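Read the structure below first, then the notes.
The values are calculated or read from the model by the stated rules, or taken from the named source; none is laboratory data. This is a predicted model, so every value here is computed, not measured. Cβ sites come from the backbone with ideal geometry, for glycine too, and all protein chains shown count toward neighbours. Surface accessibility is based on the protein's heavy atoms, side chains included, excluding ligands, DNA and RNA. Shrake-Rupley method; radii C 1.70, N 1.55, O 1.52, S 1.80 Å.
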Amino acid sequence: NPIISEASPLKENKVVVLDSPNVSQIYSTLSFLAPSIKNAKDSYALDIATKILGSGKSSRLYQALIEQKPLALGASSGNQTMQHAGILSVDIQCKPENLAAVKAEVFDQLDKLKKNGVTTQELEKAKNQFLKEFVFLNETTDGVAQSIGYNVTIGNLKDYTEYVNEIQKITQDDILKALNRYLDFKKAVWIE
């Protein structure tokens, strides 16, 4: 039987937890509605923010949940841009007994990100990572076809040809505005 519980600060929403004695880890996702490709500037800003938040060992979530307070077994975040709406998600793996502390830390990290934004150093590092990934993906004809196909499917060819320039234009202020526009805890979904 599912157990229904409140998830703070998701005060108006219920979280369904499927509890099984055979499961030793929890795979949990917190998701927010994000912009479509029609609002590419916000989408790119959230791409950068989620890279800073949860991509790699130097990310904020990895440092907070794995290095400093070993509460989680894995932590990542990403922004998936689509034609009509996107999804910004935070993915966590932890032991069941650490879930409450992990949730509190995730919300704390998101709140800090919304209030303080990102540093200049974080912004430049994330932009460089995006550019390296773009170049690596587009080294082969398969990669180019995949990139063009994705961009034309959700938007247009310009989204592909101008990607590098548009990522380079994103500022700390752009990221802060996008975070505050889309990270609404009352409209978030937490899946456990």
Listed residues 135, 118, 102, most fluctuating in the chain (Gaussian network, C-alpha, under 10 Å): 135
For residue 86, residues with placed amide H under 5 Å, excluding near neighbours: 34, 36
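Please work out the FRET efficiency for the pair residue 142 and residue 112, using the Cβ-Cβ distance as r and a Förster radius of 41 Å; give the result to the nearest 0.05. Kindly include the intermediate steps, with their values, before the conclusion.
Values: r = 39 Å, r/R0 = 0.96.
Efficiency, rounded to the nearest 0.05: 0.55.
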Gain in span if fully extended, residue 69 to residue 31, counting 0.36 nm per residue against the direct Cα distance: 11.4 nm
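Would you mind telling me the share, in percent, of accessible area of the chain contributed by carbon and sulfur at probe 1.4 angstrom?
Values: 5720 of 10590 Å².
Carbon and sulfur together cover 54 percent of it.
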Centroid-to-centroid separation of region 106-144 and region 27-101 [C-alpha atoms, Å]: 12
Surface/4 estimate of mean projected area, convex hull on alpha-carbon atoms of region 34-156, nm²: 8.4
For region 149-156, 3J(HN,Hα) per residue [Karplus equation, 6.51 cos²θ - 1.76 cosθ + 1.60, θ = phi - 60°, Hz, x = Gly/Pro]: x, 4, 5, 5, 5, 9, x, 8
Lysines with Cα under 26 Å of residue 41, excluding same-chain neighbours fewer than 8 positions away: 51, 112, 114, 115, 125, 127, 132, 158, 169, 177, 186, 187
Highest to lowest packing among 66-72, 37-43, scored as the average C-beta count within 10 Å: 37-43, 66-72
